[in-house]
Amino acid sequence: MLLSTWNVNSVTARLPRLLQWLAAVRPDVVCLQETKVADEQFPRDDIGALGYEVAAYGTGRWNGVAILSRVGLEDVRRGFPGEPGFPEVEARAVAATCGGARVWSVYVPNGREVGAPAFTYKLSWLAALLEALRTELAERRPAVCGDYNVAPTDDDVWDPTAFAGATHVTAEERAVLAAITGLGLTDVQPRALKGRPFTFWDYRGGSFHKGMGMRIDLVLLHQELAARVTDAYIDRDARKGTLPSDHAPVVVDIAQEG
């Protein structure tokens with residue numbers, strides 16, 4: 001199974017790029033984040049023409065997640081038990097069974113700034129995800145993919161001093177993420193096709209060309225799935241060109257069981 005995760009930063013704005021990439025790479029399952037469309041506006045027909053079924057969860061111009069699969073799509077669940085809101089529950093998690101694998105697409109809140117209500121919400125959301133995955137792992141072997149808005153270590157940012165006092169790198173965020181992987185999930189380490197293995201570069205200040213990035217888009221695999229990974233890479237080329245997302249896709253190749 002070729003599994004990918006990509007924060008497209010608006011599926012509408014990025015649709016030509018997404019369709020081109022799907023046709024070229026042909027991943028079996030794709031987890032999208034920040035789709036920024038309501039479910040009824042999701043471009044199912046365009047994506048379906050390439051052989052993909054779609055499970056989308058969106059409520060409007062912000063947030064939104066989706067799973068695209070050309071190996072089957074069953075048992076779709078939007079959100080998870082205990083998920084907090086801000087103040088309402090947002091479209092940040094969708095799960096489905098694809099080709100026998102349980103796949104999650106998650107979009108963790110940004111947090112804005114340390115100490116702000118949005119940061120408290122981010123920590124609460126991650127803590128609730130931790131408990132939901134604890135239950136999930138008792139029954140399934142999931143792949144939990146998405147934009148976590150947390151850099152796991154200082155090696156996952158271009159310059160740790162540039163992030164002093166900022167979100168994405170705090171001890172609190174990293175502690176919850178470590179607790180999630182501690183449940184029995186492996187943070188797959190993708191190789192970079194050039195430079196350091198980052199997945200996000202801000203649009204501003206020429207960050208992409210200067211290598212000023214972060215690795216915040218993660219593929220967390222149940223250990224049995226992780227043992228079958230044959231390759232993993234960041235498709236940096238998808239961040240280039242006209243109207244790119246500020247994130248690049250992560251692509252993971254998982255060999256068949258047995």
Check: Which length gain, in nm to one decimal place, applies between Glu74 and Arg112 when the Cα-Cα distance is subtracted from 0.36 nm times their residue separation?
Finding: 10.2 nm
Checklist line | Cα-centred dipole magnitude for region 145-258, charges only on beta-carbon of K, R (+1) and D, E (-1), debye, nearest 20 | finding: 440 debye
Next item on the list: May I ask you to compute the full-extension gain from Leu50 to Ala13, defined as 0.36 nm times their residue separation minus their alpha-carbon distance, rounded to one decimal in nm?
Entry: 11.5 nm
Notebook entry, point to check: Quick one: Karplus J couplings for region 174-190, per residue in order, coefficients 6.51, -1.76, 1.60, θ = phi - 60°, nearest Hz, x for Gly and Pro?
Noted result: 5, 5, 5, 4, 5, 5, 5, 5, x, 6, x, 10, 9, 7, 5, 9, x
Check: So, with +1 on the Cβ of K and R and -1 on the Cβ of D and E, and no other charges, what is the size of the charge dipole of the chain about its Cα centre, to the nearest 20 debye?
Finding: 560 debye
Checklist line | Of the trypsin sites (Lys or Arg not before Pro) in region 174-204, those whose Cβ has at most 14 other Cβ within 10 Å and which sit in DSSP loop | finding: Lys194
Item checked: CD proxy at 222 nm, helix term only [per DSSP H run n ≥ 4: -39500 (n - 2.57); per residue of the chain; nearest 500] -> -6000 deg cm²/dmol
Notebook entry, point to check: Taking the mean number of other Cβ atoms within 10 Å as a proxy for protection, how do you rank 4-17, 223-236 from highest to lowest?
Noted result: 4-17, 223-236
Check: Quick one: Karplus J couplings for region 21-27, per residue in order, coefficients 6.51, -1.76, 1.60, θ = phi - 60°, nearest Hz, x for Gly and Pro?
Finding: 5, 4, 5, 7, 8, 6, x
Notebook entry, point to check: Ordered by residue, what ³J(HN,Hα) values in Hz, to whole numbers, does region 122-130 give under the Karplus form 6.51 cos²θ - 1.76 cosθ + 1.60, where θ = phi - 60° and Gly and Pro are x?
Noted result: 4, 5, 5, 5, 5, 5, 5, 4, 4
Next item on the list: Restricting attention to the chain, give the cysteines that have no other cysteine Cβ less than 4.7 angstrom from their Cβ.
Entry: Cys98
Item checked: Surface accessible to a 1.4 Å probe, per residue, for the residues of the chain, Å² -> 42 Å²
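The values are calculated or read from the model by the stated rules, or taken from the named source; none is laboratory data. The structure displayed is predicted, hence computed values, not measured ones. Methodologically, a virtual Cβ is constructed for each residue, glycine included, from the backbone with ideal geometry; neighbour enumeration extends over all protein chains shown. Just so you know, the surface numbers come from the protein's heavy atoms only, side chains and all, with ligands and any DNA or RNA stripped out. Shrake-Rupley method; radii C 1.70, N 1.55, O 1.52, S 1.80 Å.
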